[in-house]
Amino acid sequence: MSVGTRLAIFLAVPLVLVMALFGYIDQRNSGALLQDELAREGRAMARMVQIAMEDALRDRQIEDVRALVDQVTGYERVLGVRIFDPTGLVIYQPADLTTYPPADALALRAALRQGAPSEIRNRLEHQPVLSFIVPLRDPKGAIVGALQLMQLESYVEEDARASRHEIYTLTFLMILVTTVIVFWVIRISVARPVAELAGSFREVGSGELRSRVPVRRRDEFGRLAQAFNGMLERLEASQHSLLAEQEERRRMESRLRHAERLASVGRLASGLAHEIGTPLNVIGGRAERLMRSLPDGTPAARSLRVISTQIDRIARIVRDMLDFARMREPRLTRTGVAPVLGKVLDFMSHRFEEGRVRLDTDLSDAPATVTADPDQLHQVFLNLCTNALDAMPDGGTLRVATSRMEKQPPEKNSGTRRCVAVTFEDTGIGIAAENLDHVFDPFFTTKGIGRGTGLGLSVSYGIIREHGGWIDIDSAPGRGTRLTVYLPESRPEATAAPRVVAS
Ligand SMILES: Nc1ncnc2c1ncn2[C@@H]1O[C@H](COP(=O)(O)OP(=O)(O)OP(=O)(O)O)[C@@H](O)[C@H]1O
Ligand SMILES: [Mg+2]
């Protein structure tokens, strides 16, 4: 049984009992009142008949006495009248009363001897009868007889029944209305708020922390709902921060893995580059010398040119590897982003034309300066442009834009920083979701053998991190790719003493 129902029963039952008791008492009182009224009426009637009878007896008008008795009998609630002589014998009574039991002997004697009137209640054929016995006196005051007036109480029974019925109906209605009000009030003020709270508890229990209890009133339930909602808000906030922390940890771990991979590949690459670099220089030098000693156009000279081109290619890969392995520290200087970008785009313009790539530049924040190694920035921008070009084999648009903004670095708990953002947005093939996490990994490439080493983004990422910046990537297959390089903007005083690192 719910708390609301139990409370309603606890309240309603005593109320109902009290009302029923009051109804019963009221009904009893009204019954007694009717009885009293009947007795008063009977008494008055007996007195009137007594006076009239004494007058008639004084004048010895026996016929009048009889007529009076007959007239009074059956009037209103009077059952009948009997007249007694001084010895207690019935002088006259209506014919109907002859079969009725005689008058109470004691009361009759008291009336005849002491002139004391009496009221007696007895039963006649199961019906209660009220008898009034009064003495009859002559003008001198001597008792000359007595008079018995009988009233049937059943005459008031009907009135009593009607009044009882009215009281019972009223009591029943009051009980009904009170019970309905009690149940309704308890339902509104207890059962509903409790049900709402219970519903919210259930939802929260099933993990739905966004659920809230409606605050409808300012009473205890309202305050409870407010406190519960406050607790949910705090719980939700701590769950969010927990999720954010987990996400941050996941990203840190992935960055750490990336850094570890970079370090191990870097060690391998630097060793390899060193080992390959020296013989490669020797082979390249010899090939050049041989080529110069041979006349142009001969098959041997052509082969030597192919050899020389391939050696250049290997040399470029070795250079990338060395960069990747951080063989060269950045030479930091106050650098304008726009000039470096301009040089790269100029250098690439021929290849863009060939690849039917339309260039759309927005260098509105061109005066942006950063503290950076211009050569390394050049390399990063070149890598990003090359990737965009490769991603648009059928042509497209490359949008390059610079802007300055307040931006929060990806590291947790770091405040916002004044940054220069350089965006490269192409309309190329885009990157599949499963590859998006790997594009910055060294040697990750989707390009065919001999076409990509998979070092471009990895090297670029390393350079930008070294400059205190970061790279954001946003891509979807078929929609294109947007890579944004964020670099800390150099403050005016930074021009005074740029940090220059020797190689
Ligand atoms: N703008 C781009 N659009 C689509 N895919 C891209 C883009 N930039 C990078 N990628 C994907 O990321 C991979 C890695 O790029 P990254 O520059 O590191 O290597 P690469 O271009 O394959 O080789 P390389 O060492 O010659 O640059 C690419 O192979 C390509 O799949
Ligand atoms: Mg590349």
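The values are calculated or read from the model by the stated rules, or taken from the named source; none is laboratory data. Keep in mind the model is a prediction, meaning the values are calculated, not measured. All Cβ positions, glycine included, derive from the backbone under ideal geometry; neighbour counts span all protein chains shown. Quick note on the areas: whole protein, heavy atoms, side chains included, nothing else; ligands and nucleic acids left out. Shrake-Rupley method; radii C 1.70, N 1.55, O 1.52, S 1.80 Å.
Scanning the stretch 458-492 for residues that are part of a loop (DSSP other than H, G, I, E, B), under 12 Å from residue 409 (Cα atoms) and open to solvent by 10 Å² or more (accessible area, probe 1.4 Å) turns up just one, 468.
Kindly establish whether residue 136 is open to solvent by less than 40 Å² (accessible area, probe 1.4 Å) and either among the small types (Gly, Ala, Ser) or modelled with pLDDT of 80 or more (or both). Yes; evaluated as a whole, the condition is true for this residue. For residue 114, the stated conditions do not hold, so it cannot be described as under 18 Å from residue 37 (Cα atoms) and in the same structural domain as residue 25 (by TED's automatic domain parsing). Restricted to the stretch 398-409, and to residues there that are more than 13 Å from residue 345 (Cα to Cα) and open to solvent by 40 Å² or more (accessible area, probe 1.4 Å), the residue that is farthest from ligand 1 (Cβ to nearest atom) is 406.
If you go through the stretch 319-339 one residue at a time, do you hit one that is among the β-branched types (Val, Ile, Thr) and within 14 Å of ligand 1 (Cβ to nearest atom)?
No.
Identify all residues within the stretch 278-302 that are in contact with a Leu (Cβ under 8 Å, 6 or more places away or on another chain) and open to solvent by less than 70 Å² (accessible area, probe 1.4 Å); write none if there are none. Can you show your working first?
If we filter the stretch 278-302 for residues that are in contact with a Leu (Cβ under 8 Å, 6 or more places away or on another chain), which is where we start, we get 287, 290-291, 294, 300-301.
Answer for the stretch 278-302, where residues must be in contact with a Leu (Cβ under 8 Å, 6 or more places away or on another chain) and open to solvent by less than 70 Å² (accessible area, probe 1.4 Å): 287, 291, 294, 300, 301.
Residues in the stretch 96-107 that are surrounded by 15 or more Cβ atoms within 10 Å (Cβ to Cβ) and more than 17 Å from residue 69 (Cβ to Cβ): 104, 107. Pairs linking a residue in the stretch 234-260 that is of a type in the set (Phe, Trp, Tyr) to a residue that is modelled with pLDDT of 80 or more and surrounded by fewer than 11 Cβ atoms within 10 Å (Cβ to Cβ), with Cβ atoms under 7 Å and 6 or more positions apart or on different chains, do not occur.
Regarding residue 141, is this residue open to solvent by 10 Å² or more (accessible area, probe 1.4 Å) and on the phi > 0 side of the Ramachandran plot? Yes, satisfied. From the list 50, 61, 35, the one residue that fits, being out of contact with any helix residue (DSSP H, G or I) (no Cβ under 7 Å at 6 or more places or on another chain), open to solvent by 30 Å² or more (accessible area, probe 1.4 Å) and more than 19 Å from residue 172 (Cα to Cα), is 61.
Filter the stretch 436-445 down to the residues that are within 13 Å of ligand 2 (Cβ to nearest atom) and not hydrophobic (A, V, I, L, M, F, W, C), then identify the one that is most open to solvent (accessible area, probe 1.4 Å). Per the criteria, the residue is 445.
Scanning the stretch 392-409 for residues that are assigned to a loop (DSSP other than H, G, I, E, B) and closer than 13 Å to residue 484 by Cα yields one hit, 409. The single residue among 65, 13, 81, 49 that is of a type in the set (A, V, I, L, M) and in a strand (DSSP E or B) turns out to be 81. Scan 372, 391, 421 and give me the residue that is buried (at least 18 other Cβ atoms within 10 Å of the Cβ) and within 13 Å of ligand 2 (Cβ to nearest atom). Result: 391 is the single residue among 372, 391, 421 that is buried (at least 18 other Cβ atoms within 10 Å of the Cβ) and within 13 Å of ligand 2 (Cβ to nearest atom). Against the test of being of a type in the set (Gly, Ala, Ser), loosely packed, with under 11 Cβ neighbours inside 10 Å, within 15 Å of ligand 2 (Cβ to nearest atom) and assigned to a loop (DSSP other than H, G, I, E, B), the options 452, 415, 448, 428 yield a single qualifying residue, 448. For the residues 154, 189, the requirement of being free of Cβ contacts under 8 Å to residues at least 40 places away in the same chain, open to solvent by 30 Å² or more (accessible area, probe 1.4 Å) and within 20 Å of residue 46 (Cα to Cα) singles out 154. The conditions of being over 19 Å from residue 43 (Cβ atoms), open to solvent by 30 Å² or more (accessible area, probe 1.4 Å) and in contact with a Ser or Thr (Cβ under 7 Å, 6 or more places away or on another chain) are not met by residue 93.
Conditions (1) closer than 19 Å to residue 470 by Cα; (2) outside the structural domain of residue 461 (by TED's automatic domain parsing); (3) open to solvent by 60 Å² or more (accessible area, probe 1.4 Å); (4) within 13 Å of ligand 1 (Cβ to nearest atom), marked per residue:
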{"site": "364", "(1), (2), (3), (4)": "no, no, yes, no"}
{"site": "367", "(1), (2), (3), (4)": "no, no, yes, no"}
{"site": "381", "(1), (2), (3), (4)": "yes, no, no, yes"}
{"site": "387", "(1), (2), (3), (4)": "yes, no, no, yes"}
{"site": "396", "(1), (2), (3), (4)": "no, no, no, yes"}
{"site": "411", "(1), (2), (3), (4)": "yes, no, no, no"}
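One residue stands out in the stretch 108-133 among those that are closer than 23 Å to residue 57 by Cβ and touching a residue at least 40 places away in the same chain (Cβ under 8 Å): the one that is surrounded by the fewest Cβ atoms within 10 Å (Cβ to Cβ), namely 119.
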